[in-house]
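What follows is a single structure, written as structure tokens, with notes after it.
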Amino acid sequence: APFVSTFLHDLFSSIWMAIYMMFKKQIGKTIKAAKTRSGRFIMLGAILGGPVGMTGYLLAIKYIGPAYTAIISSLYPAVGAFFSFIFLKEKMKPSSIIGLLLSIAGIIALGYVPSGEVNNLAIGFIFALMCVIGWASEAVICAYGMKEEEITPEQSLQVRQLTSAVIYGFLIIPIVKGI
């Protein structure tokens, strides 16, 4: 059920974005933008953030529970900032680093529950890392893809949601027998 609901979320979001883009008379431009280099980066980011990241998140919940998964997955902004520093050569102010660390510490404090059912710590941790790396990578890859301004934020959201929905619908849902 969680995989199907995630698929439906991305599918209906994509449908709503398509309707919105039709009203703005931008659907043709969105299709053209999706074929650009920037559009391909958005698609790659969508695959890493949607099917890879969210699948890791859902499976981590199954194996280590929601509390530990929330704590581990809350690290994705820090990992994304690190990836941005490494790959995009972006700099962070000390105040931004402190704010990020305080946010992560707050999530850890709110999410920590000492007693909880853990089915398989190692596998759950691997899936939680898959989530963190997927979500962090999506943010960095999409930021890189949008630098050229070949695709607008609205178009990129449309492409992102449609790409994620297609991968979920044709790959993830059949694998988990969600049909």
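The values are calculated or read from the model by the stated rules, or taken from the named source; none is laboratory data. This structure is a prediction, so every number in the text was calculated from the model and none was measured. In this analysis, Cβ positions are derived from the backbone assuming ideal geometry, glycine residues included, and neighbour counts consider all displayed protein chains. Remember, those area values only see protein heavy atoms, side chains included, never the ligands or the DNA or RNA. Shrake-Rupley method; radii C 1.70, N 1.55, O 1.52, S 1.80 Å.
For LEU88, the solvent-accessible surface computed with a 1.4 Å probe is close to 20 Å², ligands and nucleic acids excluded. Each label was represented as a point 7 Å from its Cα along the Cα-to-Cβ direction; for GLN26 and LYS93 these points are 2.9 nm apart. The tail of the calculated P(r) for region 77-179 beyond 20 Å holds 60 percent of all Cα-Cα pairs. Taken along its principal axes, the alpha carbon cloud of the chain reaches lengths of 53, 47, 24 Å, longest axis first.
Shape call for region 9-52 from the C-alpha gyration tensor, a ≥ b ≥ c root eigenvalues: rounded (a/c under 1.5), prolate (a/b greater than b/c) or oblate? Cα axes put region 9-52 in the oblate bin.
For LYS29, a cut-off of 14 angstrom between C-alpha atoms picks up these aspartates and glutamates, skipping any fewer than 8 places away in its own chain: GLU149, GLU150, GLU154. Sorting ARG40, ARG160 by accessible area puts them as ARG40, ARG160; the probe is 1.4 Å, largest comes first, and only protein heavy atoms count. Within the chain, the selection of entire DSSP H helices by a Cα span of 24 Å or greater along the long axis and an average Kyte-Doolittle value of at least 1.0 returns 2-23, 94-111, 121-145. Stretching the chain fully between GLU149 and LYS177 yields a gain of 6.2 nm (0.36 nm per residue, less the alpha carbon separation). Exposed loop sites here are GluC sites (Glu not before Pro) assigned a DSSP state other than H, G, I, E or B and surrounded by at most 12 other beta carbons within 10 Å; excluding them, the longest clear run of the chain is 1-89.
Per residue, region 1-130 exposes an accessible area of 61 Å² to a 1.4 Å probe, with every protein chain left in place. Adding -39500 (n - 2.57) for every DSSP H run of four residues or longer, then dividing by how many residues the chain holds, sets the calculated 222 nm ellipticity at -24000 deg cm²/dmol.
Placing unit charges on the Cβ atoms of the charged side chains and taking the dipole of region 88-179 about its Cα centre, the candidate lying farthest along the positive direction among SER103, ILE151, ILE141 is SER103.
The largest accessible area among THR69, THR152 belongs to the first residue in THR152, THR69, and the rest follow in falling order (1.4 Å probe, all chains).
Placing pseudo-labels 7 Å out from each Cα toward the beta carbon at PHE85 and ARG37 gives an inter-label distance of 2.8 nm. For region 32-108, the percent of C-alpha pairs falling in each 10 Å distance bin, counted from 0 to the bin holding the largest distance, reads 17, 34, 34, 15, 1.
Just the protein heavy atoms count here, and of the accessible area of the chain at 1.4 Å, carbon and sulfur take up 73 percent.
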